[in-house]
Every structure is written in C-alpha cells, then in structure tokens.
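Rule-based calculations on the coordinates, nothing more; no lab input. Owing to the predicted nature of the structure, the values given are computational and were not obtained by experimental measurement. Don't worry about glycine lacking a Cβ; one is built from the backbone with ideal geometry, like all the others, and counts go over all protein chains shown.
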Amino acid sequence: PSLPPEVFHIIPIFGSAMSYGNDPLGFFAQCKEKYGNVFTFVLLGRKVTVALGPKGNNFVLGGKSMAFSAEDAYKHLTTPVFGKDVVYDVPNELFMEQKKFVKVGLSVENFRAYVGMIEDEVDHFMKTDAAFLIFQMNDINDWGRFDVTDIMAQITILTASRTLQGSEVRQGLDKTFSELFNDLDGGFTPLNFLFPNLPLESYRKRDVAHRKMSEFYVDIIRKRRESGIDAQDMISALISQKYRSGRPLPDHEIAHILIALLMAGQHTSSATGSWALLHLAENLKVQEAFYQEQVKNFGNPDGTFRSMTYEELRELPIMDSIVRETLRLHPPIHSIMRYVRSDVPVPPTLGAPSKDGAYVIPRGYYVLASPSVSQVDPEVWHNPTTWDPTRWSDPEGVAAKAFKSYADENGETIDFGFGAVSKGTDSPYQPFGAGRHRCIGEQFAYLQLGTVLATMLRQVEIRLDQPMPEHNYHTMITMPKKPRNICYRRRAL
Ligand code: HEM
C-alpha cells in the first residue's frame with residue numbers, strides 16, 4: 001500500500017497553512033488539478049488527507065466512527081468553549097443520545113410558536129435599531145444603508161434566544177451577555193483549532209466567559225426546576241430527558257448543550273442570512289418574486305401583512321429555494337474534518353491506486369471533506385457559480401436530474417422543487433453535512449431565516465451598490481468580507 005500524494009510545500013511543519021487558510025477552495029482546486037481527488041497536505045504539523053467530490057464526501061462522512069473520529073478532531077477546540085461532558089467531550093454514543101434530546105426541543109409544536117416570536121423580534125428591531133433610522137422616519141424616498149452581517153448577527157441572536165434558548169435568556173440578553181458571547185466566540189477561531197492553548201488574552205477571556213456563561217444558564221435551569229414550569233422550549237425539553245442508563249441530565253450538561261447550540265446556530269445562520277440579503281439586493285427579479293410570494297399568500301387588502309403559520313412557511317417555494325441556493329454557493333462550513341484512528345484504505349473508485357496498490361491513510365492523519373467543492377462542481381451544476389434559486393424549482397434542470405439519478409441508484413425518493421433533497425453521504429449538496437454527524441438544526445435554520453427575510457422584505461426594498469463581497473475564510477464560519485453594505489428604502493404601504 002502507498003500513501004496518497006502529498007502537496008508540495010517549502011516550509012516543513014508549516015506546510016500549506018497559508019494557501020489553505022487564505023483560500024481553501026482555490027487551494028483545493030489547484031491541488032485537484034495536480035494530484036486528483038485525494039491528496040494530503042501539511043497543516044502546521046498535522047497531515048490532512050482531502051477527499052473531494054461526492055465520492056470523497058461519502059468516504060469521509062459515511063466512514064465508520066471507529067475509524068474516523070469527529071471528537072478527536074474537534075474536542076480541543078470545542079470543550080473549552082462548550083464545556084465538559086457534552087458533544088465532543090464524551091464518547092460518540094453518548095453524544096448521539098444528546099442529539100436525540102435536542103431533537104425533542106426542535107419539535108413541530110415548538111416551531112409553530114416560533115414563527116410569530118421571530119416576526120415580533122424582527123419588527124421590533126427594525127423599529128428601534130439605529131441602522132434602520134430611515135425606515136423609522138416617514139419619508140419613503142430616502143435610502144439608508146447597513147452592514148449586512150452586523151445586522152444579521154444581532155437579529156440572529158435575538159431570534160434564537162427568544163425561541164430556542166428560552167425567555168429568560170432573551171430577557172437577560174443585555175450588554176453583559178453580548179460581551180460574554182463575544183469573548184467566548186473569540187475562543188472559537190482557526191487559531192484555537194491549531195493551538196488549543198496559548199498564553200494569550202483571548203484564551204484567558206474564553207475561559208472566564210465560559211465559566212460565567214455556564215453559571216448564567218445553570219441559574220436559569222435551577223429556577224425552572226424549582227418552579228416546575230414547562231415552557232415548551234429547549235430547556236424544558238432537556239430537563240425532561242433521560243439517558244438510556246436512566247440517568248437524567250444534570251444542570252451543567254444542559255447548560256453546556258445550550259452553549260453548544262448557541263455557537264452552532266449563531267454564525268451559520270447569520271452568515272447565510274447575510275449572503276441571502278446580498279444576493280436579493282443584487283438580483284431584483286428574485287427579490288420581487290419573493291415579495292410577491294408574500295403578498296399573494298399573506299397580504300391584506302390595505303397593504304399590510306398577516307402572520308405566517310409554520311405549515312404555510314414550509315409551502316413557499318421561492319423562499320425555500322432562496323435559502324437553499326444561498327447555502328449551495330455559501331455553505332458556512334467549508335471543511336469537515338475527522339481524526340483517523342486506524343489505517344484506512346482509500347476505495348479505488350475514489351483515488352486511482354498507484355502501482356503499489358490502493359492508497360492507505362495512516363492512523364494519526366486527519367481526513368477532510370469539503371462539500372463546498374461538489375456544490376459548485378460543473379459536472380453536476382449548470383452555471384455552477386451563478387446564484388440562481390430557480391434551479392431548484394426546474395424539474396428539468398441539471399441539478400434536478402443529478403439528484404434524480406442519485407435517488408434512483410439509491411432507491412430513495414426525492415421531493416423536488418422544495419422540501420427534501422437527498423441527504424445521503426454521497427450527495428453533491430451537503431451544506432448541513434451528512435451521516436451520523438449531520439446537522440439537527442436544519443429545519444430551525446430554514447424557519448428562522450425564512451421568517452427573518454420575509455419580515456424584513458415585507459417592509460423594505462434593498463439594493464446593492466457595491467460588488468458582491470468575497471468570502472472571508474479567516475473565521476471558522478465563512479463570512480462576507482467587508483465592505484458588505486446594503487441600501488434599503490421603506491416600501492410604500
Ligand atoms: C452539525 C451546518 C445551523 C446544530 C452540522 C454540520 C454542518 C452544519 C455542516 C456537520 C459537521 C460535521 O460533520 O463535522 C449548519 C448550517 C446551519 C446550521 C449551514 C445554518 C444555516 C444549526 C443550528 C443548530 C445546529 C441552528 C442548533 C439548533 C448542529 C448540531 C450538529 C450540527 C448539534 C451535530 C454535530 C455532530 O454530530 O458532530 N451543522 N448548521 N446547527 N449542527 Fe448545524
């Protein structure tokens with residue numbers, strides 16, 4: 001057996017850290033040209049084997065957890081932020097139980113209540129935040145401007161805390177909480193992934209913020225237990241669960257799961273919302289179609305709108321394909337990694353075997369899948385780098401056909417246009433990952449993003465008067481680079 005080809009680099013240990021860190025997708029594209037779909041690069045002393053394309057995704061995401069471990073890859077980054085005894089700090093079987101507990105808090109009954117709460121938060125924000133000053137004034141001809149990610153970050157935390165995190169968290173969402181969140185977030189960066197512990201101020205702040213945040217949640221959980229109130233939200237759901245062993249979740253585990261959910265949902269949703277608004281501001285035809293979908297379904301004769309129900313929200317093909325297409329071009333997570341626990345042969349269909357036989361990825365390496373690459377693969381997608389939500393509603397489109405042939409092969413049925421697309425580990429579309437580590441926040445993210453976009457665009461028109469921003473890969477979650485301003489004007493009633 002032989003090793004996968006190694007990417008040429010000049011500085012030992014440092015390896016390709018610079019090229020990968022600045023532009024991972026450009027780096028993967030160059031490597032693919034030279035070495036094919038499977039290659040290893042050196043990242044500050046780590047050996048990372050990349051497996052590209054749907055087959056590569058399948059290899060990494062469909063791999064057995066005995067061989068490919070997420071906890072060994074992520075734990076040193078996540079445990080100081082989330083806390084002990086949850087997610088990657090426990091064996092995978094236990095985390096799988098915790099994921100089931102969280103799903104109880106993501107029930108349809110809870111979702112039904114969330115739509116109105118999110119509308120309410122966005123409305124209130126637009127009426128009170130300084131960025132929407134023009135909106136608050138009467139003159140409908142004036143244009144205002146805001147930094148789209150600054151605004152989306154605030155709206156995301158307000159709406160997620162009001163819904164998922166519970167009313168106590170929303171009420172406690174003052175300056176102190178925001179500072180704690182920022183300090184914690186400052187410990188969730190690529191630097192922390194590469195160096196778990198450095199004698200830096202940001203690491204110290206991360207640890208202090210974790211302790212305080214954890215105490216903040218534990219306090220809320222204790223009061224809930226004492227009052228016995230079932231608030232139909234995540235905290236109540238977690239309090240009511242038991243492990244298979246019969247053990248209920250102690251306060252600190254519930255607190256740490258809540259921190260994990262806050263971190264998992266915050267930047268992913270605010271990045272997606274930002275990109276969606278940027279594209280809608282640029283593509284006026286789609287913006288108008290989105291607005292008209294709202295008018296047709298929820299418009300009152302006097303120009304105002306009524307609330308959406310959760311069931312109605314799920315039946316809006318234009319809204320759905322806008323979010324879906326945004327996640328295709330801008331998946332917030334560009335690299336999904338696992339630590340290799342035992343030698344793993346690369347299937348011959350994925351990496352051409354050399355004269356010495358199939359490649360083997362040795363224990364101690366990392367493997368990396370990048371669904372971002374297959375999501376813009378010209379062999380799968382027509383005009384792959386164009387943001388075109390209509391591709392999702394055209395049953396004759398290339399994407400539809402690609403998914404259909406995948407579905408036929410795997411005996412799955414796929415509901416096209418909107419609703420389900422393939423969730424298989426070798427699907428070319430995986431913004432939420434696939435396999436045992438797949439995201440459980442997808443439905444919530446669609447609900448949150450759809451409601452936020454609709455509530456905003458019912459009230460303002462938006463325009464882009466700058467080029468579409470580039471991707472910033474220096475943060476864990478891919479964000480739009482500054483400047484990222486959107487112009488807006490109040491809609492006439
Ligand atoms: C896992 C993306 C929102 C909770 C994942 C993974 C991806 C992802 C790619 C797989 C990671 C891996 O395999 O290593 C996204 C995107 C989101 C989003 C694009 C929004 C647009 C959320 C929200 C929540 C959440 C709102 C919580 C309510 C989780 C959890 C996992 C996960 C618990 C499981 C991790 C594991 O099993 O290892 N997400 N996510 N996500 N996500 Fe999300």
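At-a-glance table
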{"read-out": "Reachable lysines from residue 296, criterion Cα separation under 28 angstrom, eight or more residues apart if same chain", "value": "127, 285"}
{"read-out": "Cβ-placed point charges (K, R +1; D, E -1), dipole of region 138-222 about Cα centre in debye, nearest 20", "value": "360 debye"}
{"read-out": "The chain, dipole about Cα centre (Lys/Arg Cβ +1, Asp/Glu Cβ -1), debye to the nearest 20", "value": "1040 debye"}
{"read-out": "Anisotropy class of region 73-180 from Cα gyration tensor, a/c 1.5 cut", "value": "prolate"}
{"read-out": "Candidate lysines for bridging to residue 212, where Cα separation is under 28 Å - those fewer than 8 sequence places away on the same chain excluded", "value": "75, 84, 99, 100, 103, 175, 223, 242"}
{"read-out": "For residue 361, distant residues with modelled amide H under 5 Å away", "value": "344, 346"}
{"read-out": "Among 46-54, 134-142, the order from most to least packed when residues are scored by Cβ within 10 Å on average", "value": "46-54, 134-142"}
{"read-out": "Prolate/oblate/rounded label for region 1-159 (Cα gyration tensor, a/c 1.5)", "value": "oblate"}
{"read-out": "Per-residue HN-Hα couplings for region 149-161 [Karplus 6.51, -1.76, 1.60; θ = phi - 60°; Hz; x = Gly/Pro]", "value": "6, 4, 5, 5, 4, 5, 5, 5, 5, 5, 6, 5, 6"}
{"read-out": "Relative compactness, the chain, computed as alpha-carbon Rg over 2.2 N^0.38 Å", "value": "0.99"}
{"read-out": "Residue among 197, 209, 254 farthest towards the positive dipole end of region 194-261, charges placed on Cβ", "value": "197"}
{"read-out": "Region 448-490: trypsin sites (Lys or Arg not before Pro) in DSSP loop, at most 16 other beta carbons within 10 Å", "value": "481"}
{"read-out": "Region 234-354: C-alpha gyration tensor shape, a/c 1.5 cut-off, then a/b vs b/c", "value": "oblate"}
{"read-out": "In nm, spacing of pseudo-spin labels at residue 167 and residue 32 (7 Å Cα→C-beta vector)", "value": "5.0 nm"}
{"read-out": "Over the chain: helical MRE at 222 nm, DSSP H runs n ≥ 4 each giving -39500 (n - 2.57), nearest 500", "value": "-15500 deg cm²/dmol"}
{"read-out": "By average C-beta atoms within 10 angstrom, highest first, the peptides 315-323, 290-298", "value": "315-323, 290-298"}
{"read-out": "Net dipole in debye of region 80-125 [+1 Lys, Arg Cβ; -1 Asp, Glu Cβ; about Cα centre; nearest 20]", "value": "260 debye"}
